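Written out below as C-alpha cells is the structure these notes cover.
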Amino acid sequence: MTITLKALSALLTYPSEVLQTEVGGIRDAIKAENMLDAGVLREMEPFLTRLESADLYELQEHYVDLFDKTKRLSLHLFEHVHGESRDRGQAMVDLAALYEKHGLLLDANELPDYLPLFLEYLSTQPIEEARELLTNTAHIIAALEERLMHRGSPYASVFGAILGIVGRHVATNDQAIDDTDAGLDDHAALDAAWEETAVTFGPGEPTGGCSVDRLRIQMRAGRRDVRQSTT
C-alpha cells in the first residue's frame, strides 16, 4: 500500500473529530514514506496545523463552502469532464467495475469518481500503475489546485501534494479562472445549480466489464474539455 496516497485521501474527506486526532499520525506517515519532497511538505504544514488545531465547526463550514457549494471545486472527477451527461454515467460504470475487479466494493451512497475514494483505490495498487492513472487525472487536479490557490484556501497544498506524486506539474489551461459560482450560498440557487438529471444506461455502449484503456481515454478527453471551456 502507498501510505501517502491513503493519507491524502483522508485529508480530503469531511473534517471530523477522528480526522483531527489522526493528523499527527498522517503527518508522520507521509514523512516516513518519503514520497513527497521537502518543499511540498513545507507547503502542506500550515494546512495540517490548521486541520489539527482549528475549531471543528469552522473547518466543516469551510469544507462545505468549497467542495459542496462550489461546482467548479467539486471533488467528483467526472463532474469536470462530463458534467451530468450520459458519458459520465458510462465512465462511472467503468470506474466502479475497475474498483470491484481489485476488491474495492462501494457503499450504496458512494460515487466512484469521488477523489478521496479514487486516491484510496490508487493506494492499493502498484505505484507505477497508480502514477499512470493519477497522471490521467492530473489536469483536473491542477485546475482544482489553481482555483483553491485563487481563493486562498490551504486545501490547495493537498492538491499540490497529489501532483507531487506524479512527479511533475501539469498545465491547467485555466488561464482565466471563472469563479462566477463562488458566491452561490443561497440554498435555492444552489439546488438549481446542482439539480440532478437522470442518467440512462439504455442502448449504446455496453456497460459490462471495464476497460482500463477506455477509462484512461475518458480521463484524457477531459484535457480537451478543459481547454475548450477556457477558450
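Read the figures in this text as sums done on the coordinates, not as results from a lab. Just so you know, these numbers come straight off a predicted model, no measurement behind them. With ideal geometry, Cβ positions are generated from the backbone for all residues, glycine too; neighbour counts draw on all protein chains shown.
Scaled against the 2.2 N^0.38 Å expected of a compact globular protein of N residues, the Cα radius of gyration of region 1-142 reads 1.08. Amide H to amide H distances under 5 Å link Val81 with no residue, where only residues 5 or more positions off or on other chains count and H is placed in the peptide plane. Modelled this way, with points 7 Å down the Cα-to-C-beta line, the labels at Glu100 and Glu33 are 2.7 nm from one another.
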